[in-house]
Amino acid sequence: MRIAGRRAGLGLGSGAIYERMNVDGAARGLGKWYRPRFCHAPEGLCTALILIDAVTKRYPGGTTAVDRLTLEIPDGGITVLVGPSGCGKTTTLRMINRMIDPTEGRITLDGQDIRDRPVNALRRSMGYVIQHAGLFPHRTIVENIATVPRLLGWDRRKARSRAMELMERVGLDPALAKRYPYQLSGGQQQRVGVARALAADPPVMLMDEPFSAVDPIVRKGLQDELLRIQSELGKTIVFVTHDIDEATTIGDMVAVLRKGGKLAQYAPPAELLSAPADEFVEDFLGLDRGIRRLSFFTAAGLELTAKPIVAVDSTAEQINARLLPQTPYVLVTDTEGRPLGWADGKARAAGETRLIAFGHSFRAGRDSLRAALDSAVLSPTGWAVAVDPDGRAVGVVAQETIAAAIRTAHAERAAAPTAGVPATAAGAATAPGPQRDGRSDEKSSGRSGDKDGASAAGDVPVR
Amino acid sequence: MSSFFRMPSDLQHSYLGLVAWHLQLALVPVLLGLLIALPIGQLCIRFRWLYAPMLGVTTVLYAIPSLAFFVVLIDWTGQSDTTVMIPLTIYTLVILVPAIIDGVRSVPPETHAAATAMGFGAARRYFQIDLPIAVPAIVAGLRVATVSSISLVSVGALIGDQGALGNLLEDATQYHRPILAWSSVITTAVLAILIDGLLVLARRLLTPWAAR
């Protein structure tokens with residue numbers, strides 16, 4: 001009922017936003033990886049739209065943490081605030097749940113000024129995840145997760161069963177329920193932090209560098225988990241990080257802030273990487289933004305060849321028959337077809353058994369061109385190994401072939417007139433409010449028709 | 001050995017009676033001290049500038065000899081338990097106020113921020129988050145305050161038989177029974193060790209969550 005009321009309260013204008021966001025999501029090919037979240041959300045699912053409207057935060061000493069920041073944070077998506085330290089990203093996040101009050105400007109949630117709601121009720125409607133998790137050390141895991149439901153007055157049993165359900169959702173062993181935070185690893189604590197933020201099913205999640213304090217492997221796992229949970233729940237997530245790689249990996253929209261709290265660029269990650277707004281953004285993206293951008297191109301179109309693949313028990317004759325003119329090497333696999341390493345074909349036919357390590361493989365049809373290129377660059381032979389989901393080699397591809405595919409992908413992207421400049425970016429800059437008329441709406445849906453084809457070429461974050 | 005426990009009749013208490021009285025004189029001030037120190041500690045956390053002057057005041061009070069307190073108080077409260085307990089209560093503050101402040105400040109900033117962000121009001125956050133997390137530091141303070149209080153009770157003998165086990169010291173010289181002095185000293189020490197042990201046990205039970 002509550003949700004229905006809120007949706008209804010959005011009125012006509014916000015319908016336009018929903019429509020537009022949906023169009024945008026489809027155009028960017030998100031639907032392939034996420035359920036289209038913006039209007040096909042499952043029953044009872046809460047999302048919310050946040051508008052930050054010309055917000056400034058000045059401290060008494062005269063420092064300006066945030067300077068006339070205007071951002072439209074789409075509902076049901078992950079919006080990342082990224083920038084160097086001192087760029088006001090955490091301040092911005094904390095203004096959304098009123099832990100900090102803006103000096104000027106206002107913030108609205110679904111059209112309602114956040115100052116119009118009792119502060120604790122507002123905060124209980126926004127999940128909050130923080131660096132180092134910030135768990136309550138004196139409460140068990142299940143009690144930690146049940147915190148907000150208990151604050152909202154749920155009875156103990158209902159809050160507990162909800163907490164147990166969430167432990168499962170974030171991938172925690174239910175046996176940990178009765179443990180205390182100090183008994184968990186950093187990664188597990190952070191999962192508890194996420195579960196705790198999700199406990200009362202808030203429409204909004206605020207995440208302040210949640211994965212910064214864990215090691216890279218755990219961080220990757222947590223990011224994947226967040227994306228999986230998000231694909232199921234479709235929350236409006238505002239995520240703060242200083243790690244641009246994390247921003248482009250998980251963000252649907254990325255806001256780059258510069259020192260002094262000024263917005264440098266607000267765009268989807270693929271656009272950010274291909275068209276940084278200025279030198280600051282370009283510097284911030286780092287020297288490998290070209291490589292990183294390849295994450296948004298699928299390797300599915302790569303032409304693989306299975307010819308120079310030989311089983312470990314092949315005879316000299318069989319090996320000679322499989323040699324390619326372009327390379328003296330053959331890929332040796334075990335009898336199941338899993339790659340073991342490269343070998344010089346002629347030498348192997350002559351009885352040499354030593355193998356050259358192949359680095360790592362990429363998943364054919366699923367991984368990005370970035371993964372394929374990396375595999376080729378790592379391999380001493382200059383050839384990348386593609387495998388199927390069971391790890392069996394399905395083909396190999398040369399660096400040169402990948403380079404050609406990259407050029408083709410770039411050319412296709414350039415040919416699509418509006419690809420890489422989705423409506424959101426323009427919309428955010430010009431129309432911070434949900435007041436859009438039906439006409440502009442139609443226009444954007446019309447445009448999306450053209451864009452669908454282009455997005456197939458790879459405006460898809462391949463994860 | 002039996003004379004260790006046989007009390008002179010002028011004390012009007014059995015051995016166990018003296019022990020109970022001693023504990024009462026020592027522990028009631030610690031409890032009162034805790035009740036006074038909690039709001040003072042909270043004030044010092046709220047208003048940081050208060051901490052230094054507050055610590056100065058409690059330290060100066062601690063430096064006043066108990067005899068001086070007795071001389072002043074005896075006009076008001078007479079030759080009573082109250083006269084002994086008031087200075088003892090004041091003495092505990094110099095230990096308990098910093099202990100509480102350190103304890104509450106030991107709450108990790110991200111835990112504090114998380115509680116605020118999740119919609120805890122200030123009072124609820126204090127009682128449900130800050131104070132429980134401060135328990136180990138507060139108990140550490142209580143242990144020092146309790147042991148010191150148990151040993152200090154004996155000075156009550158100075159205002160005439162208000163020192164519980166301390167009264168035995170005077171009787172030991174008066175009746176030439178050094179065993180009474182031994183009884184006083186050893187019993188006081190054993191009480192201090194036992195109560196300290198109980199506090200450690202209480203902390204373990206109260207904080208199963210503390211990493212050991």
| query | Compactness ratio of segment B:14-206: Cα Rg over 2.2 N^0.38 Å, N = residue count? | reply | 1.19
| said: Give the aspartates and glutamates whose C-alpha is closer than 14 Å to that of A:LYS220, dropping any in the same chain fewer than 8 places away, or say none. | reply: A:GLU209, A:ASP243, A:ASP245, A:GLU246
| remark: Loop-resident chymotrypsin sites (Phe, Trp or Tyr not before Pro) in segment B:153-212 with no more than 15 other Cβ atoms inside 10 Å, DSSP not H/G/I/E/B, are B:TYR175
| request: Rounded to whole Hz and in sequence order, give me ³J(HN,Hα) for segment B:46-58 from the Karplus expression 6.51 cos²θ - 1.76 cosθ + 1.60, θ = phi - 60°, writing x for Gly and Pro. | output: 4, 10, 4, 5, 6, 4, 4, x, 4, 5, x, 4, 5
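Which net charge results for the neighbourhood of A:GLU104, defined as the other residues with beta-carbon distances under 12 angstrom from its beta-carbon, given Lys and Arg at +1 and Asp and Glu at -1?
Working: positive: A:LYS57, A:ARG58, A:ARG68, A:ARG106; negative: A:ASP53, A:ASP67, A:ASP101.
Result for the neighbourhood of A:GLU104: +1.
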| query | How do B:ILE74, A:ILE141 rank when sorted from fewest to most other Cβ atoms within 10 Å of their own Cβ? | reply | B:ILE74, A:ILE141
| For B:119-128, what's the mean count of beta carbons from other chains sitting within 10 Å of each residue's beta carbon? | 3
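On average over all directions, what projected area in square nanometres does the protein assembly as shown have, based on the convex hull of its Cα atoms?
Numbers: hull surface 171.6 nm².
One quarter of the hull surface, i.e. the mean projection, equals 42.9 nm².
Where Lys and Arg each count +1 and Asp and Glu each count -1, what net charge lies around B:ALA181 among other residues with Cβ under 11 Å from its Cβ?
Neighbourhood net charge equals -1.
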| query | If one takes the longest principal axis of the Cα atoms in chain B, at what angle in degrees, from 0 to 90 and to the nearest 10, does the Cα axis of helix B:81-105 lie? | reply | 30
| task | Kindly write out, for segment A:378-391 in residue order, the coupling ³J(HN,Hα) from the Karplus curve 6.51 cos²θ - 1.76 cosθ + 1.60 (θ = phi - 60°), rounded to whole Hz, with x marking Gly and Pro. | result | 6, 6, x, 8, x, 10, 8, 10, 9, 10, 8, x, 8, x
| note | Mean projected area, convex hull of alpha-carbon positions in segment A:309-406, reported to one decimal in nm², is 5.8
| request: In whole Hz, with x marking every Gly and Pro, tabulate ³J(HN,Hα) for segment A:89-103 from phi via Karplus 6.51 cos²θ - 1.76 cosθ + 1.60, θ = phi - 60°. | output: 5, 5, 4, 4, 4, 6, 6, 5, 9, 6, 6, 10, 9, x, 6
| What is the mean number of Cβ atoms from other protein chains located within 10 Å of the Cβ atom of each residue in peptide B:187-200, rounded to a whole number? | 0
| note | Taking every residue of A:186-195, the Cβ atoms of other protein chains inside 10 Å of its Cβ average out to 0
| field | Selected from B:SER66, B:SER106, B:SER154 as most flexible by GNM, with chain B as the system and alpha-carbon contacts under 10 Å | value | B:SER106
| task | Would you mind counting up the charge near B:MET7? Only other residues with Cβ under 15 Å from its Cβ, with Lys and Arg at +1 and Asp and Glu at -1. | result | -2
| task | Based on other C-beta atoms within 10 Å, arrange A:ARG348, B:ARG125 from fewest to most. | result | B:ARG125, A:ARG348
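Every number in this text was worked out from the coordinates using simple rules, so none of it is lab data. Owing to the predicted nature of the structure, the values given are computational and were not obtained by experimental measurement. A quick note on method: Cβ atoms are made from the backbone with ideal geometry, for glycine too, and the neighbour counts reach across all protein chains shown.
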